[in-house]
Amino acid sequence: MRNLKHFLLVCATFTLAYIPIGNFTAQAAEIVKIDRIVAIVDQTVVTEQELADRIRTVTAQFKKQGTELPAENILRKQILERLISDTLQLQYAAQTGLKIDDNQLDKTIERIAEQNQMSLTEFGEALAKDGVSMSKFRADIRSEITIARLREREVDSRVTVSESEIDNYLTTQAANNESQDEFEISHILIRTPEEGATEDIQKAKTKVDEAIKALKAGTSFAKVSASFSDAPNALEGGNLGWKSGSQMPALFLDALKAMQVGDLSQPLRSPNGFHLLKLTNKRGGSSPLVIEQTHARHILIKLSEVMTEKEAKQKMDGIKERLDNGEKFEVLARQYSEDTTASNGGDLGWVNPGDTVPQFEKAMSELKDNQISAPVRSQFGWHIIQVIERRKQDMSKDAARLKARQEIRTRKADEAYQDWVRELRDRAFVELKLEDKF
């Protein structure tokens, strides 16, 4: 579609060159401004209209949160970079066959409407009042889901945590009581190239000094983040939420130990660049930790050379229909499931958070007790999941290891995702067409 816009732009320019002068006045009123290209991103483009739409959305979010907007040219640059990053990820998803079907999209939008305590009609009317069409909202949500699924497939599902990493985590935590504290922090990253020249590093230092000067002058952290930060959450104010000491790099933890609530750190240098931290709040981590365990069972149909994606889905749809008509889950699991749990009726026992792959866990978390899911796709194939019951469980030594695994996994996944997106950007052909306006 974007390539088509580019083509139309060329055609329109060519045609206008041949309008007879005598007809120009009569036809001038019919000339409509055609969308301009603001960036070429590999095989597609980002248009000025797309940039303007995203700026309106972000501006509305800032105003709703009561956050002061950064300068227009800075906000424009930040949002264009985000659009380029999103475009590259969506291109890669399309090239590798990742698609979000309409049924899944419909269910997501229905859930969003329910969370806002509205019917779909009411939700559409609310969007219209904000100047957003339902078709545009659907396209945006489809893109968000696609990028989330892409991250799960390309990054999260490949992150592993070894038993030795967990042992080291627990040993460090025991030797350092402060690491049990939890910190609510906000973060600004001024990125430098991995092998940056002295000039690049000096430019980054200057940018850090400007950010610190703005913060000390009373500018809100959220505005400075949106204006200066290269972190993925820059436009969300840089807030990282609550983090335990073990969830963050030692560089951050060492700085935070010496800080009081409300303090701003000195610039911290890492291989990624310069970091500024603000400590918003702090709390002890010694309170009992309770996790929710889920007793679940599932049916799995694997893909293979003799079982195509379409055939597996059709087979699973047939099983789901039989379950909906009252057939026993455990009977169908024994008959059809290709998982090792088949002989036990698909019973997975008590499942802890983080025990299953993200797609499976997300679907399972949305089920009520005794509810059966629609077919769910993961890297293992197609699943149908039933939640039998849930319970709260005090953290034991095994649960402590689970928590350690989750925290290590989260940290590694976040770092791996940022690296993956940066590599995607470095490999791509990107040409900015409005760079002079920044």
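Here is the figure for the stretch 299-314: residues that are surrounded by 12 or more Cβ atoms within 10 Å (Cβ to Cβ) and either free of Cβ contacts under 8 Å to residues at least 40 places away in the same chain or in a loop (DSSP other than H, G, I, E, B) (or both) total 6. The lone criterion from (1) farther than 30 Å from Gln260 by Cβ; (2) assigned to a strand (DSSP E or B) left unmet by Asn281 is number (1).
Among the residues of the stretch 95-127, how many are surrounded by fewer than 12 Cβ atoms within 10 Å (Cβ to Cβ), assigned to a helix (DSSP H, G or I) and of a type outside the set (D, E, K, R)? Total meeting the criteria: 4.
Applying a threshold of 8 Å to beta carbon distances and a minimum spacing of six or more residues, or different chains, the list of pairs starting in the stretch 135-153 at a residue that is farther than 21 Å from Leu424 by Cβ and in contact (Cβ under 8 Å) with a residue 24 or more places away in the chain and ending at one that is acidic (Asp, Glu) and assigned to a helix (DSSP H, G or I) reads Lys136/Asp53.
Of all the criteria given as (1) over 17 Å from Gln293 (Cβ atoms); (2) assigned by TED's automatic domain parsing to the domain that holds Glu321; (3) touching a strand residue (DSSP E or B) at 6+ places or on another chain (Cβ under 7 Å), the one not satisfied by Trp350 is (1). When the stretch 323-348 is examined, which residues are found to be surrounded by 14 or more Cβ atoms within 10 Å (Cβ to Cβ), not in a loop (DSSP other than H, G, I, E, B) and not hydrophobic (A, V, I, L, M, F, W, C)? Correct list: Glu330, Arg334, Tyr336, Asn344, Asp347.
Filtered by the rule that a residue be without any contact (Cβ under 8 Å) to a residue 60 or more places away in the chain and either among the acidic types (Asp, Glu) or in contact with a Ser or Thr (Cβ under 6 Å, 6 or more places away or on another chain) (or both), the stretch 91-134 gives Ala93, Ile100, Asp101, Asp102, Asp106, Glu110, Glu114, Glu122, Glu125.
Among the residues of the stretch 305-325, the one identified as small (Gly, Ala, Ser) and either in contact with a Gly (Cβ under 9 Å, 6 or more places away or on another chain) or not assigned by TED's automatic domain parsing to the domain that holds Ser373 (or both) is Ala312. Restricted to helices (runs of 4 or more DSSP H) entirely inside the stretch 151-253, those with at least 3 residues that are among the β-branched types (Val, Ile, Thr) are 163-175, 198-216. Scanning the stretch 371-412 for residues that are part of a strand (DSSP E or B) and not β-branched (Val, Ile, Thr) turns up Arg377, Ser378, Gly381, Trp382, His383, Gln386, Glu389, Arg390, Arg391, Lys392, Gln393, Asp394. Among the residues making up the stretch 61-79, those that are in a loop (DSSP other than H, G, I, E, B) and either aliphatic (A, V, I, L, M) or at pLDDT 80 or above (or both) are Leu69, Pro70, Ala71. Scanning the stretch 223-239 for residues that are in contact (Cβ under 8 Å) with a residue 60 or more places away in the chain and farther than 12 Å from Leu75 by Cα turns up Pro232, Gly237. One residue stands out among those in the stretch 395-415 that are buried (at least 16 other Cβ atoms within 10 Å of the Cβ) and free of Cβ contacts under 8 Å to residues at least 60 places away in the same chain: the one that is farthest from the chain's Cα centre (by Cα), which is Gln406.
Taken together, Ser229, Ser162, Ser157, Ser186 contain a single residue that is at pLDDT 90 or above and either on the phi > 0 side of the Ramachandran plot or not assigned by TED's automatic domain parsing to the domain that holds Pro271 (or both), which is Ser162.
Do we have Arg425 as basic (Lys, Arg) and free of Cβ contacts under 8 Å to residues at least 12 places away in the same chain here? Considered against the rule, which asks whether it is basic (Lys, Arg) and free of Cβ contacts under 8 Å to residues at least 12 places away in the same chain, Arg425 comes out as no. If a residue has to be surrounded by 14 or more Cβ atoms within 10 Å (Cβ to Cβ), in contact (Cβ under 8 Å) with a residue 12 or more places away in the chain and closer than 16 Å to Leu432 by Cβ to count, how many in the stretch 56-85 make the cut? Qualifying residue count for the region: 11. Being under 20 Å from Thr294 (Cβ atoms), surrounded by fewer than 16 Cβ atoms within 10 Å (Cβ to Cβ), without any contact (Cβ under 8 Å) to a residue 40 or more places away in the chain and of a type in the set (Lys, Arg) is not true of Lys392.
Exactly one residue among Phe360, Phe329 is modelled with pLDDT of 95 or more and assigned by TED's automatic domain parsing to the domain that holds His383, and that residue is Phe329. A count restricted to the stretch 353-365 and to residues that are in a loop (DSSP other than H, G, I, E, B) and touching a Ser or Thr at 6+ places or on another chain (Cβ under 8 Å) stands at 1.
The values are calculated or read from the model by the stated rules, or taken from the named source; none is laboratory data. The shown structure was predicted, so the numbers you read here are calculated from the model rather than taken from an experiment. Positions of Cβ are generated from backbone atoms using ideal geometry, with glycine treated the same way; all protein chains shown enter the neighbour counts.
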